[in-house]
Amino acid sequence: MKTVYHKADTRGHANHGWLNSYHTFSFANYQNRERSNFGVLRVLNDDTVSQGMGFGTHPHKNMEIISIPLEGDLEHKDSMGTTAVIKKGEIQVMSAGTGVMHSEYNKNKDEAVKFLQIWVFPKEENVEPRYDQKSIKEGEKINGFQQILSPDKNDDGVWIHQDAWFNLANFTKGNGKNYTLNKKGNGVYAFVLKGSAKVGDRILNERDGLGIWDTQSFNIEAIEDTEILLMEVPMELPSYLK
């Protein structure tokens, strides 16, 4: 088993007033050669958007973009004609493919919105752009893994153009479980949303991250009530990026 550990307070940080963002991997003005990506996981931003503020219309291409609200709700508009609001307990995915324009706004006047912005390189270029969102609240599992994303459109959660599987791990203090990877050559990036847990041989606290690869499985044990996002992704970049 190989691992890479990213302590929460070593992340990149940018506070624009309306947006307070922590970057696990290189993003915008935060550039770190040792943190360019984890396999095809390119961006993991921990964002807080102030009341009445948001990201204006901007373009994306050839990227799978996943948003997971942690508090509050966010309004989405895009060039495909989609207008939607995503809230805590939901997951949003947008395949940018050949190109798409979109905006994300916090229309609330009384509360900030906190969400994870995640980018994954797709396995192939120039797919047809698409948008989807689903509730993940109904499938919540305690002391187990709840799949919220996969490559299969008929599977649980949303799907993307990549051999990736995302799970939410919710464990009460003292409980745990072994995670088995879905595909050879994949790795898992574990990101602690709240609480603390022993992941593999490493103790992780809130907003710590741990990348794990060259293994078929690893164990998670909660030190306190804990919620962890597990992002299983291919470690090898697609051929069009080489």
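Things worth noting here:
- Of the residues making up the stretch 66-88, those that are open to solvent by 70 Å² or more (accessible area, probe 1.4 Å) and of a type outside the set (D, E, K, R) number 3.
- Test: residue 137 is under 26 Å from residue 20 (Cβ atoms) and surrounded by fewer than 17 Cβ atoms within 10 Å (Cβ to Cβ): yes
- Of the set (1) out of contact with any Leu (no Cβ under 9 Å at 6 or more places or on another chain); (2) over 24 Å from residue 146 (Cβ atoms); (3) open to solvent by 30 Å² or more (accessible area, probe 1.4 Å); (4) not polar (S, T, N, Q), all apply to residue 107 but (1).
- Test: residue in the stretch 115-134 that is modelled with pLDDT under 95 and part of a loop (DSSP other than H, G, I, E, B): no
- Residue match in the stretch 195-211 (condition: β-branched (Val, Ile, Thr), part of a strand (DSSP E or B) and over 20 Å from the mean Cα position of the chain (by Cα)): yes
- For the stretch 6-65, the tally of residues that are polar (S, T, N, Q), farther than 22 Å from residue 207 by Cβ and either buried (at least 19 other Cβ atoms within 10 Å of the Cβ) or touching a helix residue (DSSP H, G or I) at 6+ places or on another chain (Cβ under 7 Å) (or both) stands at 1.
- Any pair with Cβ under 7 angstrom, 6 or more apart, that starts in the stretch 163-180 at a residue that is closer than 24 Å to residue 90 by Cα and ends at one that is among the basic types (Lys, Arg) and buried (at least 18 other Cβ atoms within 10 Å of the Cβ): 163/123
- If the condition is being within 19 Å of residue 39 (Cα to Cα), open to solvent by less than 20 Å² (accessible area, probe 1.4 Å), out of contact with any Leu (no Cβ under 6 Å at 6 or more places or on another chain) and hydroxyl-bearing (Ser, Thr, Tyr), then the stretch 154-202 contributes only 179.
- Some residue of the stretch 33-55 being in a strand (DSSP E or B), touching a Leu at 6+ places or on another chain (Cβ under 9 Å) and free of Cβ contacts under 8 Å to residues at least 60 places away in the same chain: yes
The values are calculated or read from the model by the stated rules, or taken from the named source; none is laboratory data. All values derive from a computational prediction rather than experimental measurement. No Cβ is skipped: glycine too gets one built from the backbone with ideal geometry, and neighbour counts run over all protein chains shown. Only protein heavy atoms, including side chains, enter the accessible area calculation; ligands, DNA and RNA are left aside. Shrake-Rupley method; radii C 1.70, N 1.55, O 1.52, S 1.80 Å.
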